[in-house]
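Everything below concerns the one structure shown next.
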Number of protein chains: 2
Amino acid sequence: MVEPVLHFGRDEYARRLARTRAAMEAAGIEVLVVTDASNMAWLTGYDGWSFYTPQAVVVAGGGEPVWWGRGMDVAGALRTCWMAEENLLGFADRYVHSRERHAMEDLADRIAERGWGRARIGVEMDNWWLSAASFAELQRGLPEARFRDATGLVNWQRAVKSEAELAHMRTAARIVERMHARILEVAEPGLRKCDLAAEIWGAALRYDEAIGAGGDYPAIVPMMPSGADAAAPHLTWDDRPLKAGEGTFFELAGVSHRYHCPLARTLFLGKPTRTFLDAEATVLEGMEAGLAAAVPGNRVEDIATAFLAVLERRMGIRKESRTGYSIGLSYPPDWGERTMSIRPGERTPLEPGMTFHFMTGLWMADWGFEITESIVIREGPAECLANVPRKLFVKD
Amino acid sequence: MVEPVLHFGRDEYARRLARTRAAMEAAGIEVLVVTDASNMAWLTGYDGWSFYTPQAVVVAGGGEPVWWGRGMDVAGALRTCWMAEENLLGFADRYVHSRERHAMEDLADRIAERGWGRARIGVEMDNWWLSAASFAELQRGLPEARFRDATGLVNWQRAVKSEAELAHMRTAARIVERMHARILEVAEPGLRKCDLAAEIWGAALRYDEAIGAGGDYPAIVPMMPSGADAAAPHLTWDDRPLKAGEGTFFELAGVSHRYHCPLARTLFLGKPTRTFLDAEATVLEGMEAGLAAAVPGNRVEDIATAFLAVLERRMGIRKESRTGYSIGLSYPPDWGERTMSIRPGERTPLEPGMTFHFMTGLWMADWGFEITESIVIREGPAECLANVPRKLFVKD
């Protein structure tokens, strides 16, 4: 008899399920096939690096959700999910990367067996973990089902965090503070970026008595381009040394039980150029304006509008990309929650308990600059999760 | 003017493209939309953690391939792809995680603009990076195109590695040797697994003068379950300490320029049980049998058959899961190449230059055991990429 290790109480999972069922009912969905790894974990606790083969959580009107995945991963489900063993279903390994058969045939059979073959079935159409072929196979295997697009349905139920979730995010915040402190300690001209990456991972993972936790892997690895390469937001690291006279931004997340606290800072080695000092002053002023707008009663877009106005007024920059997104529980490839983006047009009202990465990064022709914060919407001013000095770091 | 950093010569990219075009022609495909991040990198050099938004490489009958992705990632493509800037196309940020529009509308427009709107278009139907919604949007945007499933088309061209690719894999092998050596050095009862994970990441990334390289991030993070949890193959780590009297397997990969050398070993703290000693003897004998079969003239399945026979004869175990898969260049979520699986029925002939992770792991009801090798098929006996003592590690 294996007892699962759960990071939330069963009552919290029950509330999540109830919320999801209410959303299903509102959307006219009888059976929901959840393939997004983060949504699967949020609903059931399931944890494991198994999302490279098909897997799903199936939620119907009553009873426990059903976890379904590769046969060998049932052992992982048994150790991480709150449901009874009879609701953990494995498919045979002959379906894995086969040219003759597809695992979704098995899922279709399981759904039909439970009498849901003619149901209105919701699927997350726009998610990495439901390939075009997976959906086609599901349709083929369930010819009488009526499929509905349920992209984001569970994600939206996750938008307002419980206190237990915020506790994990605050632990993640302590971790990301430690990561940035470590960078500031060791970065210097000549230090190879792969060695700096090793230091960052060390600070991200090691157990810390003061925090009372060690860290988990992030949904995105550290992004840390230097100099002109910082024009590119999603480069990682290489073997080359840090150079004097260059800025490097570090976009990182601390992670605790899959809950993320992303936070970026920029470090300049040497005397910062006018451009970097201007960027610092502008982003800090813009961020203050955005934070002031991050209050219940306002809409998500109000944060963006406030920030973008400062950016344009002070530096004439019209940032086309969004200035943030909702965050929480995540698996690779993205630590965003994929619901709200902080940008003009996102008219969702801000509510206490919502969490965002306020992503005020600038990526220009031959430089880049990031000072960001992860925030919790509160009655009153927003809470910045981490406490990392909000400034351009300079080592001269 | 930005000069890209390429990890292969332009002649090698030209050969890859020619091979891909020949396969397209054989499959009756005029335009290939490559969304698999590993295939994109293999064809163009593109590197960046940007696969969480839609992106693609489009290959037609002539000219350079076209890289297409999020506008802000053009700067990364400019720094990592061999093609001219005019062939790097970005879509507007308003498409990112939008509820009103989909980035694939933009790709469809770009394809139509180039006169390929009525072509036979190959798409990788069964890949994480082509969601069901992405494909539906592409069909909607190109109503006159005739779509063909091209899953695995590029992957199969990657099966036989060039000497330049093998050089990167040998560097990765040096790195994974260092990772396992570090585990053996520091693991002891009481050491928290998150701290051991930090040590593993350090050994994976730090620059080593003897190797002449630092490491890159793996497509799968270290999997390292202990005791009864090792029944589950895909658990990662937590804060709990290693315990005396328990076995832990470490399934890891060294990585150089995205080329992987996966390798697993098992460590027992204390006096190993009969079960572990039997598993050791069995897996080592089975592996020898498998390696002896890993020669040109044989088929992929012959490796599995040889290994499985020993497993059944010595321990009565009928392993249902595959015993390995092709490897090479990879991005998360999988370091497998997703072509050949080492299992009965995989009748592809072995060819010199093919590379596999010979994955002889056992996951039983309440224990798990992994001793694996990554191999290169050669004229003559297979080459084991890494040189890590092939045995059960014991610290008593």
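The values are calculated or read from the model by the stated rules, or taken from the named source; none is laboratory data. This is a predicted model, so every value here is computed, not measured. In this analysis, Cβ positions are derived from the backbone assuming ideal geometry, glycine residues included, and neighbour counts consider all displayed protein chains. To get the accessible areas, we keep the full protein, side chains included, count just its heavy atoms, and leave off ligands, DNA and RNA. Shrake-Rupley method; radii C 1.70, N 1.55, O 1.52, S 1.80 Å.
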Karplus 3J(HN,Hα) series, Hz, for region B:142-154 with 6.51 cos²θ - 1.76 cosθ + 1.60 (x for Gly, Pro): 10, x, 9, 6, 10, 8, 10, 6, 10, 4, x, 4, 6
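What's the buried accessible area, both sides, between A and B using a 1.4 Å probe, rounded to 100 Å²?
Numbers: alone 16630 and 16620 Å², together 26900 Å².
Chain pair A/B: roughly 6400 Å² of buried accessible area.
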Whole-angstrom Cα spans of the protein assembly as shown along principal axes, big to small: 76, 60, 58
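Below 8 Å between Cα atoms, with a sequence gap of 6+, how large is the relative contact order for region B:1-134 in percent? Kindly include the intermediate steps, with their values, before the conclusion.
Details: 187 pairs, mean separation 40.0, N = 134.
Relative CO of region B:1-134 lands at 30 percent.
Please give the average number of partner chain Cβ atoms lying within 10 Å of the Cβ of each residue in B:121-131, rounded to a whole number. Don't skip to the answer; put the middle values down first.
Numbers: counts 0, 0, 2, 3, 7, 11, 4, 9, 3, 4, 13.
Per residue, the number of nearby Cβ atoms from other chains is 5 on average.
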Per-residue mean of C-beta atoms belonging to partner chains within 10 Å, peptide B:98-105: 2
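Carbon and sulfur together cover what percent of the accessible area of region B:140-283 at a 1.4 Å probe radius?
Details: 2350 of 4630 Å².
That share works out to 51 percent.
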Per-residue average of Cβ from other chains inside 10 Å of B:358-369: 1
For region B:229-266, residues shielded by at least 50 square angstrom of accessible area compared with the chain on its own, probe 1.4 Å: B:HIS234, B:LEU235, B:TRP237, B:ASP239
Ascending list, in nanometres, of distances separating the B:LEU6 label from those of the other copies (7 Å, Cα toward Cβ): 5.6
Label 7 Å beyond Cα on the Cβ vector: B:ASP278 copy-to-copy distances, nm: 7.4
Teacher prompt: B:ALA365 distances to equivalent labels in other copies, 7 Å Cα→Cβ, nm: 7.0
Kyte-Doolittle mean at least 0.0, axial Cα span of 20 Å or more - DSSP H helices of chain B: B:274-293, B:300-315
Residue-span extension gain [B:GLU285 to B:ALA92] - 0.36 nm each, minus C-alpha spacing: 63.8 nm
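In percent, what relative contact order does chain A have, based on Cα pairs under 8 Å that are 6 or more apart in sequence?
14 percent
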Separation of the B:ARG274 and B:ASP366 label points, Cα + 7 Å toward Cβ, nm: 1.5 nm
Non-local Lys pairs in the protein assembly as shown, i.e. 8 or more apart or on different chains, that have alpha carbons under 18 Å apart: 12
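Would you kindly work out the equivalent ellipsoid of region B:16-106 from its C-alpha gyration tensor and give its semi-axes, the square roots of five times the eigenvalues, largest first in whole Å?
Working through the eigenvalues yields semi-axes of 23, 15, 11 Å.
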Whole-angstrom gap from region A:136-150 to region B:18-89, using each part's C-alpha centre: 31 Å
Long-range amide H partners of A:ASN298 with built H, under 5 Å: A:LEU350
MRE, 222 nm, helices only [DSSP H, n ≥ 4, -39500 (n - 2.57), over chain B, to nearest 500]: -10500 deg cm²/dmol
